[in-house]
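Since the structure comes first, as structure tokens, the remarks are kept for the end.
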Amino acid sequence: MSEPTVILNAAAIQRALTRIAHEIVERNESGAEVVLAGIPLVGDELAFRLGKILSEIWKLPVPVGVLDVSMHRDDLSHRAAPQVHPTVMPFDVTGRTVVLVDDVLFTGRTTRAAMDALNDFGRPKKIQLAVLIDRGHRELPVRADFVGKNVPTAITEKVRVRLDIPGQPDEVVLEK
Amino acid sequence: MSWNKKHLLDIESLTVDEIVTVLDTARAFKAVGERAIKKVPALRGKTVVNLFIEPSTRTRISFELAAQRLTADIVNFSADASSFKKGETLKDTARNLEALNADFIIIRHSASGAPHFLSRVVKASIINAGDGAHEHPTQALLDAFTIREHKEKIAGLNITILGDILYSRVARSNIWALTKLGAKVTLCGPSTLVPKTFEQIGCRVTHNVDDAIRDADIIHLLRIQHERQRKTMFPGIGEYTALFGLNMARLAKTKPDALIMHPGPINRGVEIDSEIADCERSLILEQVTNGLAVRMAVLFLLNGGKGPQEVAGN
């Protein structure tokens, strides 16, 4: 196995999030309508970081929720049960624009599950998708509205987004 | 966290990691029960059979609701309305259910080991909902979940189980779960119902109730199971209540943050004073709520296939 390649370092991750935040502002005129929903394990942390940047730009608090999608996956009986995390959506999504935040967009199946999971909480006015990495290989008609970095990958490769690991800098790596 | 088991037959054979996996998973399912829409599609298209060869209300309803909230189809099968009365064996009944493509069979049976037997003769996942005086694994898991919610961790806690230990599958499953998780377990009750042999599996045994509850963080009360006792094991209910019943005077001598649990059904005025059952320190109804979350978690975990746990690709 060869050494993993660093795709984004800590500073580049921060720049990507700042750019995504400005694109969200450009796309959504009213900040008061926007809420973020991060998908664990990494998307929720990205959503909190994004929420902080957006709150500074809009000068108003942007609510951030955690949306676990494990119970809505389409492959539950095809593999060992996934780790589930409590979903915390401390706001009403009805009539709001919900920006789903995930670390890596790959097959699109997580995004489909997330949209289903979101439906249980109300009827958003719009759903948008923000991802740090788009690695291609879609299996469903899903595309991201906001992308930190497009990374062409081989299907066997793995993209890991590592945030807040003690003693390690934040980074995104590609494993062969 | 990890889970690769097909059946939930007992706590004795679970690892600490597996127990913790169920408890962690149940946290997420508890949140589902608190939403406006209390249903997720995780078990869509799966068939669950409640095979209750012994009467039960609470556990059966809890499993039924758990399956429904996961979008599974569930059928109830009870002993008095079934072909058991017509002489069919357990194996034949189960194989008939299998012929209907049941994915899960939840079994309660008066014979210890009945779920283990079923797991060897049918392809469905088997969940033990109580087998004789042997085990009642989901009860122990929901009790551990409830304790963890209140005390954060179980390791190091003093937990007293008070009552009919000898005939209690709840006690056995709880002893396994709590000792594996690092609690110090004390058993108390009449000497005929709490034999010293339990010391061999790491419990402290005492027949003095004040001694048993003085340092307890959790006092777990059990009902006297008249239906399982072949002969009278103590002089009378009145004497049991006088010697072992939890009343206000005894409660006053416990730690102020000691909490009271009971798997139900409770016998007010026998093992527990009515006032205590309804007091702030009683977790009895929370146990019922948590039971639903834990059973959803168990069904969800058992539904998993073989392969790796990791979500493909990232």
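The values are calculated or read from the model by the stated rules, or taken from the named source; none is laboratory data. In this text the structure is predicted, and so the values were computed from the model without any measurement. Here the Cβ is made from the backbone with ideal geometry for all residues, glycine too, and neighbour counts use every protein chain on show.
Here the condition is being outside any helix (DSSP H, G or I) and either more than 21 Å from A:I20 (Cβ to Cβ) or in contact with a Pro (Cβ under 9 Å, 6 or more places away or on another chain) (or both); of A:R143, A:R160, it holds for A:R160 alone.
Taken together, the criteria place A:T94 among residues that are within 14 Å of chain B (Cβ to nearest Cβ), closer than 21 Å to A:A37 by Cα, of a type in the set (V, I, T) and surrounded by fewer than 22 Cβ atoms within 10 Å (Cβ to Cβ). Selection of the range A:35-44 for residues being surrounded by fewer than 23 Cβ atoms within 10 Å (Cβ to Cβ), at pLDDT 95 or above and over 9 Å from the mean Cα position of the chain (by Cα) yields only A:V35. Of the residues contained in the range B:133-149, none is found to be among the acidic types (D, E) and free of Cβ contacts under 8 Å to residues at least 40 places away in the same chain. Residue pairs whose Cβ atoms lie under 9 Å apart, sitting 6 or more positions apart in sequence or on different chains, and linking a residue in the range B:1-23 that is more than 12 Å from chain A (Cβ to nearest Cβ) and among the acidic types (D, E) to a partner that is part of a helix (DSSP H, G or I) and surrounded by fewer than 19 Cβ atoms within 10 Å (Cβ to Cβ), are B:D10/B:H116. Filter the range A:27-57 down to residues that are among the acidic types (D, E) and part of a helix (DSSP H, G or I) and give me whichever is farthest from the other protein chains (Cβ to nearest Cβ). It comes out as A:E56. In the range A:97-113, the qualifying residues are those that are surrounded by fewer than 24 Cβ atoms within 10 Å (Cβ to Cβ) and polar (S, T, N, Q), and the one that is nearest to the other protein chains (Cβ to nearest Cβ) is A:T107. Please go through the range B:49-78 and give me each residue that is modelled with pLDDT of 95 or more, surrounded by fewer than 17 Cβ atoms within 10 Å (Cβ to Cβ) and more than 13 Å from chain A (Cβ to nearest Cβ), ordered by number. If the condition is that a residue be modelled with pLDDT of 95 or more, surrounded by fewer than 17 Cβ atoms within 10 Å (Cβ to Cβ) and more than 13 Å from chain A (Cβ to nearest Cβ), then B:I61, B:Q68, B:D73 are the ones that fit.
Scanning the range B:1-31 for residues that are outside any helix (DSSP H, G or I) and small (G, A, S) turns up B:S2, B:S13.
Scanning the range A:114-146 for residues that are farther than 13 Å from A:A37 by Cα and either away from chain B (no Cβ under 12 Å) or of a type in the set (A, V, I, L, M, F, W, C) (or both) yields A:K125, A:L132, A:I133, A:L140, A:P141, A:V142, A:R143, A:A144, A:D145, A:F146.
Yes or no: the range A:163-173 includes at least one residue that is more than 17 Å from the chain's Cα centre (by Cα), away from chain B (no Cβ under 14 Å) and polar (S, T, N, Q). Yes: the range A:163-173 contains one or more residues that are more than 17 Å from the chain's Cα centre (by Cα), away from chain B (no Cβ under 14 Å) and polar (S, T, N, Q). A Cβ distance below 8 Å, combined with a sequence gap of six or more or placement on separate chains, defines the contacts here; from the range B:89-113, residues that are in the same structural domain as B:E227 (by TED's automatic domain parsing) reach no residue that is modelled with pLDDT under 90. Checking the structure you have, find out if any residue of the range B:32-48 is in contact with a strand residue (DSSP E or B) (Cβ under 7 Å, 6 or more places away or on another chain), within 14 Å of chain A (Cβ to nearest Cβ), outside any loop (DSSP other than H, G, I, E, B) and crowded, with 22+ Cβ neighbours inside 10 Å. Yes: the range B:32-48 contains one or more residues that are in contact with a strand residue (DSSP E or B) (Cβ under 7 Å, 6 or more places away or on another chain), within 14 Å of chain A (Cβ to nearest Cβ), outside any loop (DSSP other than H, G, I, E, B) and crowded, with 22+ Cβ neighbours inside 10 Å. Only one of the numbered conditions (1) more than 13 Å from chain B (Cβ to nearest Cβ); (2) within 17 Å of the chain's Cα centre (by Cα) is violated by A:L60, and that is (2).
Of all residues in the range A:69-94, those satisfying the criterion of being part of a helix (DSSP H, G or I) and touching a Pro at 6+ places or on another chain (Cβ under 9 Å) are A:S70, A:M71, A:H72, A:L76. Just so you know, in the range B:46-80 the residues that are under 16 Å from B:S125 (Cα atoms) and either of a type in the set (G, A, S) or not assigned by TED's automatic domain parsing to the domain that holds B:L97 (or both) include one that is nearest to the chain's Cα centre (by Cα), and it is B:A66.
Could you go through the range A:96-109 and let me know if any residue there is of a type in the set (G, A, S) and outside any loop (DSSP other than H, G, I, E, B). No, the range A:96-109 has no match at all. Within the range A:63-91, being under 16 Å from the mean Cα position of the chain (by Cα) and away from chain B (no Cβ under 13 Å) holds for A:P63, A:V64.
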